[in-house]
Amino acid sequence: MMLKKAALAAATAALGFGALTAAPMVHAQDQFVPLLVYRTGQFAPLGIPWADGKQDYLKLVNAKGGVNGVKIAYEECETAYDTAKGVECYERLKNKDGGAAGFDPQSTGITFAVSDKAPGDKRPIVTVGYGLSQSANGAVFEWNFPLLGNYWTAADSIIQDILKKEKGSLKGKKIALVYHDSPYGKEPIPLLQKRAEKEGFQLMLLPVTAPGVEQKSTWLQVRQQRPDYVLLWSAGVMTPTAIREAQATNFARDKIYAIWWAGSDHDVKDIGAGAKGYNTVTIHNTAERDKVHDEVKSLVYDKSQGTAANVASVGSMAHTRGMVISMLQVEAIRTAQEKYGKGKVMTPEQVRWGLENLNLTQDRLNALGFGKILRPIQTSCSNHLGTDWSRIAQWDGAKWNVVSDWYQGDKSMVEPLVKEYADKYAREKNVKARSCN
């Protein structure tokens, strides 16, 4: 009941907010990066630390002198995870201060909507760990960059971990997908259907209506049909609700695997021991702490410039993912400067080139303070995802522990889907694929 009241209060608050902004003073030589956020609404528990992390990293870059002397200007625009509001933010900010360097919509629904606009507007769409899974195909999706992984690679990595637990066979097993009934929640379904056909397990699809605070009927089906594992595609208030319902129906938490947006500190800390055993897949190794966390504390929070209300947020998985997103955008700007002029403000088209030519080696990641968090990343004309890596983290009742080795999505499963869905998109949208030879 308390969760329901909190969700309704957040949704009500979202209706009262327009475009909430947080912006530094803009100078003629600043590079503008828009920050679409959802600090209100059903996903606010995830959106707040995520947004804090994005902004904190940009503050760190500015504190260290910018990108070859070019400071980053930014402005937050509140979407409340609402597609119409997200499109409004995009339209309002796309031409600001010489043109937005790129958009992280922070929502699969918003990504769907603005992806049709991006080629005409010539604005990059950066979706780290979410968005249109088929946009990894850079030949069709020239302006989309689903860096580091997507929902197909995540789902496949989860299945690989379950296969390891089941000694290589899932024949006759039953796996349920409990998912937010939205474009976001539906994204892993094609991959899971192909995996079910290959491995011989039964796939149960259990949609949950937004915002996800009413799940008793869903978990009644889980109790009645007794799946061997549950995959949870949720975020915000839906996640702790699901964990509590699993607890109430006595479904083992170590048989639950969550997508990374349902695997953050705020999802489990109030449940504590009741969530013990709960698993999440991570983007690369975002459960790890590294030098970048110390730098943010010393150069941002110790100077009373931190975005989060409490410095303890620094190092949480959601905050770290936010920093990763901003780091990738900044490094794309830096890469573009190497070609088009160091110390210059880059156009959106030039930043797009930078995103398509990222080459973050281990040495470079170490220098940036992300060497323990990320593995090397390289993009190209045809490959807009870069390199997907993930691990499984498990909640022990008090903290997250990494409990697996590294996984990558099985290319034999993922790449045919990327091609199939990218080709379908190109036909439906009359997009001519580029030659990447």
Here the residues within the stretch 359-378 that are open to solvent by 10 Å² or more (accessible area, probe 1.4 Å), under 23 Å from R434 (Cβ atoms) and within 19 Å of the chain's Cα centre (by Cα) are Q378
For residues that are in contact with a Leu (Cβ under 6 Å, 6 or more places away or on another chain) and part of a loop (DSSP other than H, G, I, E, B), tally how many sit in the stretch 171-191.
0
From the options V345, V292, residue that is under 23 Å from D52 (Cβ atoms) and out of contact with any Pro (no Cβ under 9 Å at 6 or more places or on another chain)
V292
With the condition kept exactly as written, say whether any residue in the stretch 39-56 is surrounded by fewer than 23 Cβ atoms within 10 Å (Cβ to Cβ) and at pLDDT below 50.
no
The correct count of residues that are over 18 Å from the mean Cα position of the chain (by Cα) and under 21 Å from S435 (Cβ atoms) in the stretch 121-136 is 1
Between G315, G236, which is free of Cβ contacts under 8 Å to residues at least 60 places away in the same chain, open to solvent by less than 30 Å² (accessible area, probe 1.4 Å) and in a loop (DSSP other than H, G, I, E, B)?
G315
Would you tally the residues in the stretch 135-164 being crowded, with 24+ Cβ neighbours inside 10 Å and acidic (D, E)?
1
May I ask you to list pairs of residues, at least six apart or on different chains, whose Cβ atoms are under 8 Å apart, with the first in the stretch 272-298 being farther than 18 Å from I158 by Cα and free of Cβ contacts under 8 Å to residues at least 24 places away in the same chain and the second being of a type in the set (V, I, T) and buried (at least 21 other Cβ atoms within 10 Å of the Cβ)?
K297/V314
Within the stretch 334-355, restricting attention to residues that are charged (D, E, K, R) and open to solvent by less than 60 Å² (accessible area, probe 1.4 Å), which residue is nearest to D56 (Cα to Cα)?
R334
Of the residues S115, S133, S107, S157, which is under 27 Å from D181 (Cβ atoms), touching a residue at least 12 places away in the same chain (Cβ under 8 Å) and in contact with a Pro (Cβ under 8 Å, 6 or more places away or on another chain)?
S133
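Condition check ((1) touching a residue at least 40 places away in the same chain (Cβ under 8 Å); (2) open to solvent by less than 10 Å² (accessible area, probe 1.4 Å); (3) of a type in the set (F, W, Y)) across all residues:
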residue	(1), (2), (3)
A332	yes, yes, no
N357	no, no, no
V403	yes, no, no
C436	yes, no, no
Test of understanding: among K198, K194, which residue is basic (K, R) and either surrounded by 15 or more Cβ atoms within 10 Å (Cβ to Cβ) or assigned to a strand (DSSP E or B) (or both)?
K194
Out of the residues in the stretch 106-130 meeting the condition of being part of a helix (DSSP H, G or I) and among the β-branched types (V, I, T), tell me which one is farthest from H384 (Cα to Cα).
I110
So E88 ticks every box in (1) assigned to a loop (DSSP other than H, G, I, E, B); (2) surrounded by fewer than 24 Cβ atoms within 10 Å (Cβ to Cβ) but one. Which box is left unticked?
(1)
Given the residues T108, T79, T83, which is the only one that is of a type in the set (S, T, Y), at pLDDT 95 or above and buried (at least 20 other Cβ atoms within 10 Å of the Cβ)?
T79
So, of the residues in the stretch 56-85 that are in a helix (DSSP H, G or I) and in contact with a helix residue (DSSP H, G or I) (Cβ under 7 Å, 6 or more places away or on another chain), which turns out to be farthest from Q305 (Cα to Cα)?
T83
Within the stretch 211-233, can you find the residues that are among the aliphatic types (A, V, I, L, M) and open to solvent by less than 10 Å² (accessible area, probe 1.4 Å)?
V222, V230, L231, L232
Consider the stretch 270-304. How many of its residues are modelled with pLDDT of 95 or more, open to solvent by 40 Å² or more (accessible area, probe 1.4 Å) and in contact with a strand residue (DSSP E or B) (Cβ under 9 Å, 6 or more places away or on another chain)?
1
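The values are calculated or read from the model by the stated rules, or taken from the named source; none is laboratory data. Here the structure is a predicted model, which means the values were calculated and not measured. No Cβ is skipped: glycine too gets one built from the backbone with ideal geometry, and neighbour counts run over all protein chains shown. Quick note on the areas: whole protein, heavy atoms, side chains included, nothing else; ligands and nucleic acids left out. Shrake-Rupley method; radii C 1.70, N 1.55, O 1.52, S 1.80 Å.
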